[in-house]
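Worksheet: one structure, shown below.
The values are calculated or read from the model by the stated rules, or taken from the named source; none is laboratory data. None of these values were measured; they are calculated from a predicted model. Using ideal geometry, Cβ is built from the backbone for each residue, glycine included, and neighbour counts are taken over all protein chains shown.
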Amino acid sequence: MRYIMLKKIKKILLGTSEPQVKAEAVSEQMTGMTQEAHAQARDEEQESSVLSAREEKPASTVNAVDRSSFLVEEIARALQPTAGAGGVCNLTVWVNDPYGMDDALVESGKFRKGLINELYERGLDQYCAGDFNIQLCAPDDKVKAIRIDDHVSISVGGKAVKTPAAVEAEATELRLTLLGGGQMAQPEYVFDATPGKKMEINIGRQRSPMVNGVVKLNQVVVNDGEPDAESGVVSRRHARILYNGVRFTLQAYAGGCTAQGGASTRLCHCEDTAPAELTSIFAAHPLRDGDVIILGKKVSVLVNIS
């Protein structure tokens, strides 16, 4: 009798527990489906927002770096026809961009440095000698601005002044003569320049130094053998002289720029009382006839341009 009662109780218990288990399983399954549906809806909403943002922003403004490079080229090209005018001009870049290009243009001065370097390369350094401003707005109707694209314009102003004849004329020969302070592989270097054709002249301590695992070539060699106490501070890759088809400029490499942890490179114009140090590897400094380039501590080189 007792065995029968226990069997009935077990049957009852088993009979009632099975539906409960099924109900709980169904409930858990429904809850999981609900959470999955919410997650899917949330993902669809985020994807829709991204697509909407992409549709609103033009493709040309998505990459700020490419956009800045494009503007540098277009601005330099727009100024090219006035290259022969001479004088010092004030350049203003007007930016009215609703897609955040303003910040990209002025961030860390990268746009300014890039444009200055490009103007020097094209022989348009008169625009770098004056005031260079970036205005984050559209120019008013009174400003005679040159339109670059839908959101960027430029304007040029300022009183023209006389520039040195050696800068205005097309240079055809560069002569570098050692004045003192060290040794050079030869006492004088002469380079023939072809108007309209670019040229690069590297200056360093060895003829073929190894720089970052790559063999480089120096056209002007300071102390081709063992460096002495004075010329030894000249870096293996110290500076370079660039010819853009019209004029020569001097630019420091990292090894010849104290701001980059290298030795110093200084330039003294004939009318200056003290040499000026090249503090940036991006800036190209115009060379004139009679200038003196100082490499490291004491190595001085006379520049003759004709």
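Pick from segment 251-297 the residues that are of a type in the set (D, E, K, R) and closer than 21 Å to Arg175 by Cβ: which of them is surrounded by the fewest Cβ atoms within 10 Å (Cβ to Cβ)?
Within segment 251-297, the match that is surrounded by the fewest Cβ atoms within 10 Å (Cβ to Cβ) is Glu271.
How many residues are of a type outside the set (S, T, N, Q), in a loop (DSSP other than H, G, I, E, B) and modelled with pLDDT under 85 if we restrict to segment 211-231?
Residues that pass the stated criteria total 8.
Working carefully through the options Cys128, Cys137, find the one that is among the hydrophobic types (A, V, I, L, M, F, W, C) and either within 24 Å of Asn304 (Cα to Cα) or at pLDDT below 70 (or both).
The match here is Cys128.
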